[in-house]
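To start, the structure itself, in structure tokens.
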Amino acid sequence: MKRVFGLETEYGITVAGAESVDVVAESIELVRRYTEHGAHMKWDYQLEDPHLDARGFRAKELMQDADESAYYEIDKNRPLSFEEIKSDLVLSNGARFYNDHAHPEYSTPECTTLRQIVAQDKAGERILAECARRRNQKLERAHEVRLYKNNSDFVGHSYGCHDNYLMRRDLPWDRIVSGILPFLITRQIFAGAGKMGVEAESAASQLGIYQISQRADFFSVLVSIDTMNRRPLVNTRDEPHADTNRYRRFHVILGDSNMSEWATAVKIGTTSLVLDLIERGEAPQLEIAQPIDANKSISRDQTYDWIIELKDGRKISAIDVQRIYLRAASRVDEAGDEDRQWVLREWETVLNDLERDAMSTRDRVDWAAKKFLLNALQEEEKLAWTDPWLQSIDLEYHNVDLESGLNYELVRQGSMRRFVSEDDIKMSIFNPPETTRAFFRGRSVARFNDEIAAIQWDEVVFTNGASSRRVVLPEAFADARLEALNQAARNGKDFAEFINAVSAIN
């Protein structure tokens, strides 16, 4: 695919039998249950600036700044520092795991193959499930913590799954937006996770309708830097965590959290191919008349025709929009790229299947798999579509407990396609991808955690006595220098040998 990508996933929390839950405190407790090979509270926040806007300026304030102050300043009943509330961890697989606005968030390490990203994403589910298990050992059974890889609490609050892609800095921002927007709005037809009900910000769900996207209800502007309020279809946060002269990070907040391994692979793969088209100057030229309304109407369309209007007045289906992008990507000659060829085949097949019979995709598309379960229960129990029982089944599809989660049961039955093996997932819990700088970060944490003073995506600071060594990692790809650093992290017999090798390279 020749691109670096990663996923950030916030998990939903419930506590059984509790009248009220301090979700901030519960999220902190969950993160702190992780004790294996973790660089705890060493994250360097000075290297972050979420106010930088891709359109070329720095925003004076973000709408979520008020939420930040509520957690870290106004709430005097929480005698914890900013760092203690975040409870940041960097794991031996190169991932970041921390408390983000009352949700435990798992950010995968940087990946360059679809197998890597799916395995690392699934490793996150296993890590979160184990943290919940450990937390529940300290709680009464009647008040167990449950974690959900979904995007809505059904009372008007949404939490995100953000896919991220490294791309060229020299592209005009407007070209990226115009090239990607029709694709992002319509990719929900195969990447949506499905949801019972319709929501609005801070309003309870209205039952009676099944949507194909969990997040579509929560987007109200076209382009902006905000991520928690007045969410945009295209986010302008400009934090590449790499050489800012060469790269930007395209930060996608529009997507759902996927349980399906296939859906994660196709979501990341198709988006990467579209970014390739934009960088080549070969992206389709389409303009949707009302993008925000189209995003919602596709999600709520009960006929699965998914017809939207273009600015020139033409009517077109979301399937045909995707086919236009597919045809453009198919014309790019990269015959030796196995990931690319797999994505092109699966992309075409799923569009054909969705057009023929949408429910035939229930073996790989999350919203279709969940809808099939809900249909079966509704018919067997003679339930109305407004019955809250159906909403509880919706939620259990996303439960990350391996024994309780309905998606995992479908996988055990062979009803859902796999993309990676159990061994791939287990290996990814403790091992970073070897094709990116995540390998240096993860091996450093696993082997030399006591000597790490500070850590970030693009640098690690080591200390040993009075001496200090800052290792800057501006290239996410495994170039010659990064390969040498990775070798040092792999082969150094002890810290002295490791840091001497790093010093010679750095």
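The values are calculated or read from the model by the stated rules, or taken from the named source; none is laboratory data. Bear in mind that the values here come from a model prediction, so they are computed numbers and not experimental data. Here the Cβ positions follow ideal geometry from the backbone for every residue, glycine too, while neighbour counts run over all protein chains shown. Side chains included, ligands, DNA and RNA excluded: accessible areas come from the protein's heavy atoms. Shrake-Rupley method; radii C 1.70, N 1.55, O 1.52, S 1.80 Å.
Below is a table of values for the structure above.
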item: Odd one out for residue 407, checked against (1) touching a residue at least 60 places away in the same chain (Cβ under 8 Å); (2) closer than 30 Å to residue 377 by Cβ; (3) open to solvent by 60 Å² or more (accessible area, probe 1.4 Å); (4) not β-branched (Val, Ile, Thr); result: (3)
item: Evaluation of residue 234 against (1) assigned to a strand (DSSP E or B); (2) over 29 Å from residue 437 (Cβ atoms); (3) aliphatic (A, V, I, L, M) (one fails), failing number; result: (2)
item: Some residue of the range 293-308 being in a loop (DSSP other than H, G, I, E, B), at positive phi and surrounded by 15 or more Cβ atoms within 10 Å (Cβ to Cβ); result: yes
item: Close pairs (6 angstrom Cβ cut-off, 6 or more residues apart or separate chains): assigned to a loop (DSSP other than H, G, I, E, B) in the range 10-21, aliphatic (A, V, I, L, M) anywhere; result: 11/128; 11/147; 17/142; 21/15
item: Residue 269 being modelled with pLDDT under 95, of a type outside the set (A, V, I, L, M, F, W, C) and under 20 Å from residue 118 (Cα atoms); result: no
item: Subset of the range 309-348 (residues that are charged (D, E, K, R), farther than 19 Å from residue 191 by Cβ and open to solvent by less than 20 Å² (accessible area, probe 1.4 Å)); result: none
item: Some residue of the range 423-432 being open to solvent by less than 50 Å² (accessible area, probe 1.4 Å), of a type in the set (S, T, N, Q) and touching a Leu at 6+ places or on another chain (Cβ under 8 Å); result: no
item: Inter-residue pairs, beta-carbon under 6 Å, first in contact (Cβ under 8 Å) with a residue 24 or more places away in the chain and closer than 13 Å to residue 217 by Cα and in the range 291-312, second open to solvent by less than 40 Å² (accessible area, probe 1.4 Å) and part of a loop (DSSP other than H, G, I, E, B), 6+ apart; result: 298/306; 299/212; 299/213
item: Residues being outside any helix (DSSP H, G or I), within 14 Å of residue 331 (Cα to Cα) and not charged (D, E, K, R) - total across the range 252-284; result: 3
item: Check on residue 139, over 22 Å from the mean Cα position of the chain (by Cα) and either of a type in the set (A, V, I, L, M, F, W, C) or under 21 Å from residue 291 (Cα atoms) (or both); result: yes
item: Whichever residue in the range 278-291 is closer than 26 Å to residue 5 by Cβ and of a type in the set (A, V, I, L, M) and, among such residues, is nearest to the chain's Cα centre (by Cα); result: 278
item: Criterion (modelled with pLDDT of 95 or more, open to solvent by less than 50 Å² (accessible area, probe 1.4 Å) and in a helix (DSSP H, G or I)) met by exactly one of 448, 419, 462; result: 448
item: Residue 289 among the aliphatic types (A, V, I, L, M) and either modelled with pLDDT under 95 or surrounded by 19 or more Cβ atoms within 10 Å (Cβ to Cβ) (or both); result: no
item: Output for the range 393-404, where each listed residue is of a type outside the set (A, V, I, L, M), closer than 18 Å to residue 263 by Cβ and either part of a loop (DSSP other than H, G, I, E, B) or open to solvent by 60 Å² or more (accessible area, probe 1.4 Å) (or both); result: 397, 398
item: Residues that are in a loop (DSSP other than H, G, I, E, B) and on the phi < 0 side of the Ramachandran plot, drawn from the range 369-392; result: 383, 384, 385, 386, 387
item: Members of the range 185-240 found to be modelled with pLDDT of 90 or more, closer than 18 Å to residue 150 by Cβ and among the β-branched types (Val, Ile, Thr), listed by number; result: 198, 209, 212
item: Of all residues making up the range 163-195, the number that are out of contact with any Ser or Thr (no Cβ under 9 Å at 6 or more places or on another chain), open to solvent by 10 Å² or more (accessible area, probe 1.4 Å) and assigned to a loop (DSSP other than H, G, I, E, B); result: 2
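Residue-wise test of (1) of a type in the set (S, T, N, Q); (2) under 23 Å from the mean Cα position of the chain (by Cα).
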| residue | (1), (2) |
| --- | --- |
| 271 | yes, yes |
| 276 | no, yes |
| 293 | no, no |
| 296 | no, yes |
| 301 | no, no |
| 305 | no, no |
| 324 | no, no |
| 328 | no, no |
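Yes/no matrix, rows are residues, columns are (1) in contact with a Lys or Arg (Cβ under 6 Å, 6 or more places away or on another chain); (2) open to solvent by 20 Å² or more (accessible area, probe 1.4 Å); (3) touching a residue at least 24 places away in the same chain (Cβ under 8 Å):
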| position | (1), (2), (3) |
| --- | --- |
| 103 | no, yes, yes |
| 113 | no, yes, yes |
| 116 | no, yes, yes |
| 119 | no, no, yes |
| 124 | no, no, yes |
| 138 | no, yes, no |
| 141 | no, yes, no |
| 148 | no, no, yes |
